[in-house]
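Reading through the C-alpha cells given below for one structure.
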Amino acid sequence: MRAGQQMVDDHGNQVALFPLEYLYISQGENGSYSHQGILAIDFLGWGQNGRRLLCPYYAPCDCKVVYHASYYNVWESLAPVVTPNGLQYITFEVAHDDNPPPLGTTANQGDLIGHTGTNGHVTGDHLHLNSAIGHYQGFYTVSTGKRQLVNSSHIYNTFYVNDTKIKRGYGYTWKLFNGGNVPTYRKYNFKWVLYANKIRSRNV
Ligand SMILES: [Zn+2]
C-alpha cells in the first residue's frame, strides 16, 4: 500500500492492504534462520533507490494496539475487513521498531504505524510480520520453540498487495483486490497526528 491509502469494497468494508510500499522478503515462512515452523515473514525496507533503513509502514486497515512490548506491537482491526480469505477481523504483529506506539493507540487505514528497525535481537533492519485471523488471542509456541499468534494465517492470505511494488515475493501467491473504492469519509476520527509527527521528527 501507499502512505495514506484507503480502500473499501462496494459495501463499504475496508480492504486489508499490505503495510509496506515495497515488498522485499529477507526470510520466508518456516525460514531456517528464525522462522522454523511459523508463518511470519521478514521484510526489508525498500524504496525507489533500493534498500531503505527505518522504512515507514502503514495501517493496513483501521486498527488499534492490543498488545505492546518494548520491540513489537500487536494490532487488531476495528471491524471485519476484506481479506483474500474473506471478511473477518484480523490481528497482526509488527516487530523491531525502535519505538513502537503504546497500548491502545488507534490508527486509520493508511496512517503511519511504525518503521523497520533493529530493536530486539536482530542482526539487520527489517520488519517481522505475523498475521492471524480473528481477535487477538495471544501467542503460542510451536514444536520448534518459535512463537506465533494463535490462529496465524499466511501473510498473502491476510493482506492484498494493491499498490505495493513486489521486488522479492518468494513465489508466494500475492493477491490483488479486484476493484475497490476510495472511501468518502473516515469511519473513525483519531488523534493519530501527534504520534505521526513524533515519529516523523526522527531522522528517517
Ligand atoms: Zn522474523
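The values are calculated or read from the model by the stated rules, or taken from the named source; none is laboratory data. The shown structure was predicted, so the numbers you read here are calculated from the model rather than taken from an experiment. All Cβ positions, glycine included, derive from the backbone under ideal geometry; neighbour counts span all protein chains shown.
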ask   = Among the residues of the stretch 123-140, is any of a type in the set (Gly, Ala, Ser) and within 14 Å of the ligand (Cβ to nearest atom)?
value = yes
inquiry  = If I go through the stretch 1-54 residue by residue, how many of them are in a strand (DSSP E or B) and not β-branched (Val, Ile, Thr)?
reply    = 13
task = Considering (1) in a loop (DSSP other than H, G, I, E, B); (2) of a type in the set (A, V, I, L, M, F, W, C); (3) under 13 Å from the mean Cα position of the chain (by Cα), say which one residue 75 fails and leave the rest.
result = (1)
When residues of the stretch 78-100 are limited to those that are more than 16 Å from the ligand (Cβ to nearest atom) and assigned to a strand (DSSP E or B), the one surrounded by the fewest Cβ atoms within 10 Å (Cβ to Cβ) = 86
request  = Inspect the stretch 42-54 for any residue being in contact (Cβ under 8 Å) with a residue 12 or more places away in the chain, more than 18 Å from residue 124 (Cβ to Cβ), within 16 Å of the ligand (Cβ to nearest atom) and crowded, with 20+ Cβ neighbours inside 10 Å and give the result as yes or no.
outcome  = no
ask   = What is the number of the single condition among (1) within 16 Å of residue 5 (Cα to Cα); (2) crowded, with 17+ Cβ neighbours inside 10 Å; (3) modelled with pLDDT of 95 or more that residue 180 does not meet?
value = (3)
remark   = Among strands (runs of 3 or more DSSP E) entirely inside the stretch 121-162, those with 2 or more residues being surrounded by fewer than 17 Cβ atoms within 10 Å (Cβ to Cβ) are 139-141
inquiry  = Condition first: touching a residue at least 12 places away in the same chain (Cβ under 8 Å), surrounded by 22 or more Cβ atoms within 10 Å (Cβ to Cβ), under 16 Å from the mean Cα position of the chain (by Cα) and within 13 Å of the ligand (Cβ to nearest atom). Can you find one or more residues in the stretch 25-35 that meet it?
reply    = no
